[in-house]
Amino acid sequence: MKTLLKNIFVPVLSNQSVSALAGNIFGTGTPVFMLHRMADKKYPNRGTTVQHLRDCLNYLKKNRYTLISLETMIESIIQQIPLPERSVVFTMDDGYLDQAEIAIPVFQAFNAPLTFFIITGLLDQVLWPWDAQTSWIIDHTKVRKLCLQLDDEILYIPVSHTANHPGNRHQARELLRNTLKEIATEKIPALIQQLAANADVQLPATAPEEYQAVDWHLARQLESQGIQFAPHSVSHNILSKMNRQECEQEILGSWQTIKKELKHPLNIFCYPTGRKLDYGSREIGILQQAGFTGAVATTPGYINQQQTSRTQLFHIPRFELPDNMADFIQYCSWIEYVKSALH
């Protein structure tokens, strides 16, 4: 019933006339959306479908939203230039090949600006991230229940093998990722090897097919077509769990690499995992000293131009692109903005 009511009332309350009135009363905010993996024929349960992405962009076009780049949003705030009404921003994280081959053509078809945050070690093909490795293990094990020996407990992870319950594997992946986010960075490789042994799989030394990255040649082609690239660290390890030297290498190393490989990279950073506890004043200080103008997180929320300071540009909130239209429409509207303000 709740979903039915949302599907009925959210589009009505989000139309342009009602939104204009509500904006005058409550104020407005700009949503920044992030995407990760894309679903395709080989891996249909992996992420956002092409059709859903098209539906989202088509809704924005039909309802006279303005699609702007992340760079435009930040520069407008710095220079105090008013943003267009009903602005929406899109970003994409990591640098996997399916993102470039499946998602980017959709954005290009709608003439929608996109900022692509890339893990430079992934594109350099010297690593594949720890969270990708755990997902691969879950997807390929035939063991029904995995265990992982942590410092003070054993974590048990149920894994379903039936095609009718893909959500069980999704839950297993989320449980593992959330657990390892709390572990010291130096301990994670050994835990992943332990997990692979318990799962009875041989973890590939290099990224397998489903985790292939964009190469720098393709990145340069996409950049020439208007896609904007920016750094998402070297390895995707959590910055707050590193010492200062390691943290600087993750930030500055990724920035140096992307500047070497591309002509016009953006000086905007994307924090790995991006929760509030994953970065802090140390990381922001490193970014500011290196000349970055802002950084994006993964905490949900809006950018209100009148209330955003230069420091707050290093805490830019983002919404994960919802998997249904009712939620997407709500996030683009004054409804969610008012709810967020009340919270």
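The values are calculated or read from the model by the stated rules, or taken from the named source; none is laboratory data. Computed from a predicted model, the values in this text were never measured in an experiment. Cβ: placed from backbone, ideal geometry, glycine included. Neighbour counts: every protein chain shown. Please note that ligands, DNA and RNA were not included when accessible areas were found on the heavy atoms of the full protein model with its side chains. Shrake-Rupley method; radii C 1.70, N 1.55, O 1.52, S 1.80 Å.
Percent relative contact order of the chain, based on C-alpha pairs within less than 8 angstrom and at least six residues apart?
Computed over the chain, the figure is 22 percent.
In Å², and per residue, what accessible area does the chain have when probed at 1.4 Å with the other protein chains present?
Value returned for the chain: 49 Å² of accessible area per residue.
Which sequence of 310, 169, 64, 46 reflects their accessible areas, 1.4 Å probe, from the largest down? Please list the in-between numbers first.
Values: 310 140, 169 40, 64 170, 46 60 Å².
Of 310, 169, 64, 46, the descending order of accessible area is 64, 310, 46, 169.
Which entries in the list 142/241; 41/61; 42/263; 187/276 go over 30 Å, if you measure between the two C-alpha atoms of each?
Pairs exceeding the cut-off: 142/241; 42/263.
At a threshold of 8 angstrom on Cα-Cα distance, excluding pairs fewer than six apart, so keeping six or more, what relative contact order does the stretch 69-215 reach in percent?
Worked out over the stretch 69-215, it gives 28 percent.
Each label point is 7 Å from the Cα along the Cα-to-Cβ direction; what then is the distance between the points at residue 320 and residue 150, in nm?
It is 1.9 nm.
For the stretch 205-313, just list the percent of Cα-Cα distances falling in each 5 Å bin from zero outward, please.
2, 10, 20, 21, 19, 15, 9, 2, 1, 0
I'd like the accessible area for residue 337: 1.4 Å probe, protein heavy atoms, all chains in place, Å² to the nearest 10.
Only protein atoms counted, so the area is about 30 Å².
At a 1.4 Å probe radius, which order do 186, 261 fall into by accessible area, largest first?
Listed by decreasing accessible area, they come as 186, 261.
Taking all protein chains as present, what is the carbon and sulfur share of the accessible area of the chain, in % to the nearest whole number, probe 1.4 Å?
51 percent
So how exposed is residue 128, as accessible area in Å² (1.4 Å probe, rounded to 10)?
Result for residue 128: roughly 10 Å² accessible.
Ignoring everything but the protein chains, give the 1.4 Å probe accessible area of residue 62 in square angstrom, nearest 10.
Roll a 1.4 Å probe over it and residue 62 shows about 150 Å².
If you build the Cα gyration tensor of the chain and take the root of 5 times each eigenvalue, what three semi-axes come out, in whole angstrom, biggest first?
For the chain, the ellipsoid semi-axes come out as 33, 25, 20 Å.
Rounded, prolate or oblate: pick one for the stretch 33-181, where a ≥ b ≥ c are the square roots of the eigenvalues of its C-alpha gyration tensor, a/c under 1.5 means rounded, and failing that, prolate if a/b is larger than b/c, else oblate.
On the way: a/c = 2.42, a/b = 1.88, b/c = 1.29.
It comes out prolate by the Cα gyration axes.
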